[in-house]
Structures are given as C-alpha cells and as structure tokens.
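Here's the structure we're looking at; comments come further down.
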Amino acid sequence: MIDLTVSSKSPAAISSAIKRIKEMVSTGSIKKDTPVHLTLESGTYRELVRYNMSNPIVIEGASGNKPENCVIQADNCEAFNKGAENRSVFVIGPNATDVTLKNFTISNTHVKSLNGPENLDSGEALFFNNVNGLLTAENLVLEGRKNTLFLRGFSRFENCVISGDIDFIYGNVDTALFENCEIRVRDDNRGDFPGFAVKSLALAEKTGFVFSGCRFTGEKRRRSHIYVCRTEGKGSADSKENWDSIAFVNCFISDLFHEELIFDEDMQLSVYPRGNNKTGIREYNTKVVRKNGSVEEADTTVRNIKSYTMTDENYYENYASRYLILRNTPFEKKLASN
C-alpha cells in the first residue's frame, strides 16, 4: 500500500500525485497492482483529473471533513474540449481496475449558454470510461448541469448527492447501483426549461441503473415539467445498448416530478423494453413526498404504459439487498471478501 497526501495549495496537486504513482510503477518502485491511498486535504483543487492506471486506488477527503470542504472543480464543456473524455472534470479510464472515491465534491462549474446549441454545453463532473473495472463512490457530491455523471460498466454509489438539470445521470452501463442517494434536479440557468434526471443507454438484457432508497428532489419550473427519466428512443430488440433499463426500489420522489415518471415526447419515442422484473423501467414501493412534507404511496396507474410495478416476489428475489442487485457482476467477489 502506498499512502500519499496532497494539498490544494500546490498547483495541480492531484494530477501531480497521479504522475508520481505512474513514475513509481515505470521505475519498478511499486507493482502495477500495488494499492494506492490518496488523501485530499480540505480546500479547492482547480484542475482536471485523469486516472487510467491498473493500481487499485482510494481517493478520499481527509477524515472529519465534509464533502463540501474538499472540492475538485473546473469549468469545462463540449464547446471547450470535444468528447466526454475531454470535457469532464474527473475521468477514470479503461485501464483502471478498482477505484474508490470518498468524501469530497467534484464540480463542473460550467454555466450553459443562453444562445448556443445545447449539445455544446454538455460537461461531465465525472466520467467512468471503463467497462471491466469497478467504481465505488461513498459520501461524494457531484455537481453539474447537462450530463453531470456518465457511467459505463459497473459502479456503486452510496450516500451521494448528484445534481444537474438535463440527463445528468446517464450512460451505457451494465449495472450501476445508487443506494440512499439524493438525486437533485436543478433549475436551468437559461430559463423555464424541462428537467430530466436519468437517461439510460444500458447494455441489452443487463440490469442497468438501480436506485435503492434514493430521494428524488427538484426545483420547480413555472410551466415546464421535470421528469425522473427520459428515453432517447434508440433501444430495440436488435440493439446491443440504448435499453431503457432503470429500477426504482423503495424510493422517495417529490411531487414536483411528472407522475408519468418517464418522458417519451408524448409517445413519439420508443421506450424499450417494456418494463419487467429484470429490465426496462420498473419500480417497487415508491413513495411521493408532498410539498408539506407528508409522504404517501405513489399512484402507479398513472405511469407511462411501458413501465412495470414489481411484485413482492420480484423484490425479494432480485432487489432486497445490495448483494442480490450486484450478484453475477464483478462486485460479487468484492462484496464477499469484505
């Protein structure tokens, strides 16, 4: 195990530490599988971070600090640097094997243009560009606007706060589990525009995005609606990805969200597949949180016709625990060893 501590007072402190790790591997001082522990002292780190090494790594804010006291931030977007791997604040590359992020904030501070094309304002806070390794995030805050969090492969988020305004949790995942997280739809700095939290481009026949015990909150628009998720309309029986696979398990959803749950442009876009207990848009034991703070059972009869309400049997067979959700994934071995 290699232990390193960095300070925000040093320029490009995190990037310099990663460069040092790379040099130690190249000189043979440590092996490619030597675990690394990187502690971030409190402060603001104004840099773009890239990690693409096989060494398992834990990056965390110093013990006792709140996530908001340790911030990695930058103003980045598609207009500045093309492609998600370039427009993101923090990127985890395809060579990573096991990355854990704890107790700090990653913020893409980009403010969307009032006149420019919307796609040029895409700018991730975190991009997990990896299909084989594992990403674990605990007590992490992710802030952005359009496309805050882009995921591939296998990831798990616990007690995190993730915010944005359009498609701010998305990606072609196998399995991405969110436990006890707050998913917050911000207002749009351009004006009264619709808001969308999740856009699934999941791999075909895979679990996709699972939100367990999460809270969906939002900021009210004047006339526009906010939705928990929306489809891109590209999924089909023949597609290897772009499946609308999202599960909501024991979640609390603000009454600010549209009751149909998923936006499909008035059924002009295909929602694929039809929800079932394994894939598609599905939910179990959803609660609605009213403006006065009261909580009540959600009326699932008003959902999009392609969604599915899971039974108790579905829940206890597949979703009643972290292990059940992550079984048959690379996380299974890690959970068994802990």
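The values are calculated or read from the model by the stated rules, or taken from the named source; none is laboratory data. Note that the structure is a prediction, hence the values are computed from the model and not measured. Positions of Cβ are backbone-derived with ideal geometry, glycine not excepted, and every protein chain shown enters the neighbour counts. Accessible surface is based on the protein model in full, side chains and every heavy atom, while ligands, DNA and RNA are left aside. Shrake-Rupley method; radii C 1.70, N 1.55, O 1.52, S 1.80 Å.
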Check: Which of the following residues is under 25 Å from ALA298 (Cβ atoms), open to solvent by less than 30 Å² (accessible area, probe 1.4 Å), aliphatic (A, V, I, L, M) and modelled with pLDDT of 95 or more: VAL141, VAL210?
Finding: VAL210
Next item on the list: Answer yes if at least one residue in the range 301-308 is more than 21 Å from the chain's Cα centre (by Cα), in a loop (DSSP other than H, G, I, E, B) and hydrophobic (A, V, I, L, M, F, W, C), and no otherwise.
Entry: yes
Next item on the list: Evaluate the range 20-27: report whether one residue or more is over 20 Å from VAL89 (Cβ atoms) and open to solvent by less than 40 Å² (accessible area, probe 1.4 Å).
Entry: yes
Check: Here are some residues: GLU265, GLU296. Which one is over 18 Å from the mean Cα position of the chain (by Cα), at pLDDT below 95 and acidic (Asp, Glu)?
Finding: GLU265
Notebook entry, point to check: Would you say GLY171 is out of contact with any helix residue (DSSP H, G or I) (no Cβ under 8 Å at 6 or more places or on another chain), open to solvent by less than 10 Å² (accessible area, probe 1.4 Å) and closer than 17 Å to CYS251 by Cα?
Noted result: no
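Name every residue in the range 174-192 that is under 15 Å from PHE209 (Cα atoms) and either touching a residue at least 60 places away in the same chain (Cβ under 8 Å) or not acidic (Asp, Glu) (or both), in order of residue number.
ASP174, THR175, ALA176, LEU177, PHE178, GLU179, ASN180, CYS181, ILE183
State whether one or more residues within the range 143-158 are of a type in the set (D, E, K, R), within 11 Å of the chain's Cα centre (by Cα) and under 25 Å from PHE80 (Cβ atoms). Explain how you work it out, then say what you get.
From the range 143-158, those of a type in the set (D, E, K, R) are 143, 145-146, 152, 156, 158; that's our starting set.
Restricting the remaining residues to those that are within 11 Å of the chain's Cα centre (by Cα) gives 143, 152, 156, 158.
Those still in the list that are under 25 Å from PHE80 (Cβ atoms) too: 143, 152.
The answer is yes; a qualifying residue exists.
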Notebook entry, point to check: What's the number of the condition PRO194 fails, among (1) touching a Leu at 6+ places or on another chain (Cβ under 9 Å); (2) open to solvent by 10 Å² or more (accessible area, probe 1.4 Å); (3) not charged (D, E, K, R)?
Noted result: (1)
Next item on the list: Residue by residue through the range 293-316, note down the ones that are farther than 18 Å from GLU260 by Cβ, hydroxyl-bearing (Ser, Thr, Tyr) and open to solvent by 80 Å² or more (accessible area, probe 1.4 Å).
Entry: TYR316
Check: Inside the range 15-44, can you point out the residues that are of a type in the set (Gly, Ala, Ser) and either assigned to a strand (DSSP E or B) or free of Cβ contacts under 8 Å to residues at least 24 places away in the same chain (or both)?
Finding: SER16, ALA17, SER26, GLY28, SER29, GLY43
Next item on the list: Quickly run through the range 86-112 and pick out the residues that are part of a loop (DSSP other than H, G, I, E, B), of a type in the set (Ser, Thr, Tyr) and farther than 13 Å from ASP75 by Cα.
Entry: THR97
Check: In the range 80-106, what residues are open to solvent by 10 Å² or more (accessible area, probe 1.4 Å) and closer than 18 Å to VAL161 by Cα?
Finding: THR100, LYS102, ASN103
Check: Only one residue in GLY195, GLY171 is small (Gly, Ala, Ser), under 20 Å from VAL210 (Cβ atoms) and in contact (Cβ under 8 Å) with a residue 12 or more places away in the chain, so which one is that?
Finding: GLY171
